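J.: Just passing along the structure, written as structure tokens.
Throughout, read-outs are computed from the coordinates displayed, never taken from laboratory work. All values reported here derive from a predicted model rather than from experimental measurement. A quick note on method: Cβ atoms are made from the backbone with ideal geometry, for glycine too, and the neighbour counts reach across all protein chains shown.
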Amino acid sequence: MSLAFPIHYIEPVFRPPSEAHSLILPVTNGCSWNRCTFCEMYTAPQKKFRARDEDQVLEEIRCAGQQLIVQRVFLADGDALVLPTRRLLNILEAIREHMPQVRRVSSYCLPRNLRKKSVQELRELADAGLKMAYVGCESGDDEVLMRASKGETFDSSLSALDKLGQAGISRSVMILNGLGGQLLSEQHADSSARLMNAAQPEYLSTLVVSFPYGEARFRERFPAYRPLSQQQLFRELERLLQGLELEQTVFRSDHASNYLVLKGALGRDKERLLTEVRNAIERPQQANLRQEWQRGL
Ligand code: SF4
């Protein structure tokens with residue numbers, strides 16, 4: 001007799017590329033904010049935000065522990081850290097009890113999730129197994145963030161990243177290349193570099209903004225938005241990289257949305273990465289760029 005998979009999913013379910021080998025454990029459904037005008041991840045009716053029933057989640061952890069051997073768990077959906085600390089601790093303790101081989105638990109995190117959580121609470125979460133938070137800052141620029149209805153600012157983003165850092169939770173930050181369009185491209189790159197320099201995250205990745213369902217929703221708050229051409233996206237990336245003064249950050253630009261794949265450690269590889277971007281600007285035919293059909297959007 002085959003056993004049913006112990007975890008109930010409401011599709012679609014998203015996870016960062018680096019969690020491909022993790023057990024995805026939904027502890028919430030959807031995103032508690034869900035207003036970013038570039039994001040369609042949780043707009044389907046079945047993805048309306050709610051916390052999942054705690055007893056059901058704990059039971060799923062118990063059953064998963066009997067059936068699966070996993071070393072990593074990703075707490076889904078869009079911002080699991082919106083849950084109260086006590087509930088998160090119960091989940092982490094259940095993972096430790098029923099899946100003792102798990103080495104890392106991670107989740108997406110919105111800066112607003114941490115407004116009411118102290119560094120001490122985050123330390124308790126870290127001690128209970130939460131090792132990594134993926135924070136979609138998207139930009140460090142207040143005007144770009146306002147235009148995109150992100151509900152965050154430079155200061156709120158930095159405050160959350162600082163709290164996570166002080167608690168010993170690794171920060172993996174996403175910045176959206178092209179989010180400011182042609183009008184705000186330079187200030188988007190400069191302010192994002194400033195935010196990263198202030199926060200010194202352990203991981204930084206850039207993704208290219210894309211609108212699979214069209215730009216109409218995004219333009220409602222940003223009528224002057226004009227998308228960047230591929231060359232303009234590279235120029236913005238060059239400007240961002242130029243402005244970054246990072247000491248020990250793993251940098252990736254390898255998400256499916258990127259035309260140019262970049263990988264390195266910052267600051268060590270800054271000049272090499274800049275050379276690769278400049279090559280793509282000056283000699284795109286020789287730069288081994290992803291074609292549109294390879295971008296997997
Ligand atoms: S906070 Fe994240 S998941 Fe939620 S709407 Fe914005 S980009 Fe999408």
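J.: Per the Kirkwood treatment, what hydrodynamic radius in Å, one decimal, follows for the chain from the mean inverse distance over all distinct Cα pairs?
T.: So the Kirkwood estimate lands at 19.9 Å.
J.: I've got another one for you. How long are the semi-axes of the equivalent ellipsoid of the range 1-131, defined as square roots of 5 times the Cα gyration tensor eigenvalues? Whole Å, largest first. It would help to have the intermediate numbers written out before the result.
T.: On the way: eigenvalues 100, 74, 33 Å².
Working from the Cα gyration tensor, I get semi-axes of 22, 19, 13 Å.
J.: Quick one: order R171, R103 by neighbouring beta-carbon count within 10 Å, fewest to most.
T.: R103, R171
J.: 222 nm [θ] for the chain, helices only, -39500 (n - 2.57) per DSSP H run of 4+, per residue, to 500? Could you put the intermediate results ahead of the total?
T.: On the way: 9 runs with 109 residues, N = 297.
My calculation for the chain gives -11500 deg cm²/dmol from helical runs alone.
J.: Between their Cα atoms, which of K163/K270; K117/K270; K48/K270; K47/K270; K48/K163; K116/K263 are more than 32 Å away from each other?
T.: Result: K117/K270; K48/K270; K47/K270; K116/K263 exceed 32 Å.
J.: For the chain, take the longest principal axis of its alpha carbons; what is the angle in degrees between that and the long axis of helix 154-167, to the nearest 10 within 0 to 90?
T.: 50 degrees
J.: Cross-link candidates for K150: which aspartates and glutamates have Cα within less than 17 Å, leaving aside residues fewer than 8 places away along the same chain?
T.: E40, D79, E138, D141, D142, E215, E220
J.: Let me ask something else. Rounded to whole Å and sorted largest first, list the principal axis extents of the Cα atoms in the range 183-286.
T.: Principal axes ranked by extent give 41, 35, 22 Å for the Cα atoms.
J.: Also, I was wondering about something else. Which three extents, in angstrom, do the Cα atoms of the range 32-99 have along their principal axes, listed largest first?
T.: That gives 40, 24, 19 Å along the principal axes, largest extent first.
J.: If eta is 1.306 mPa s and T is 10 °C, what Stokes-Einstein diffusion coefficient results for the range 169-238, Kirkwood Rh from Cα pairs, in µm²/s?
T.: Translational diffusion coefficient: 122 µm²/s.
J.: Continuing with the same structure: When only C-alpha pairs under 8 Å and at least 6 residues apart count, what is the relative contact order of the chain, in percent? Present the calculation step by step, with values, prior to reporting the outcome.
T.: On the way: 551 pairs, mean separation 39.4, N = 297.
Over the chain, the number comes to 13 percent.
J.: Here is a follow-up. What percent antiparallel are the DSSP beta bridges of the chain, to the nearest 5?
T.: Details: 7 of 34 bridges.
Within the chain, antiparallel bridges account for around 20 percent of the total.
J.: Test of understanding: ordering C36, C109 by Cβ neighbours within 10 Å, fewest first, what list do you get?
T.: Ascending Cβ contact count within 10 Å gives the list C36, C109.
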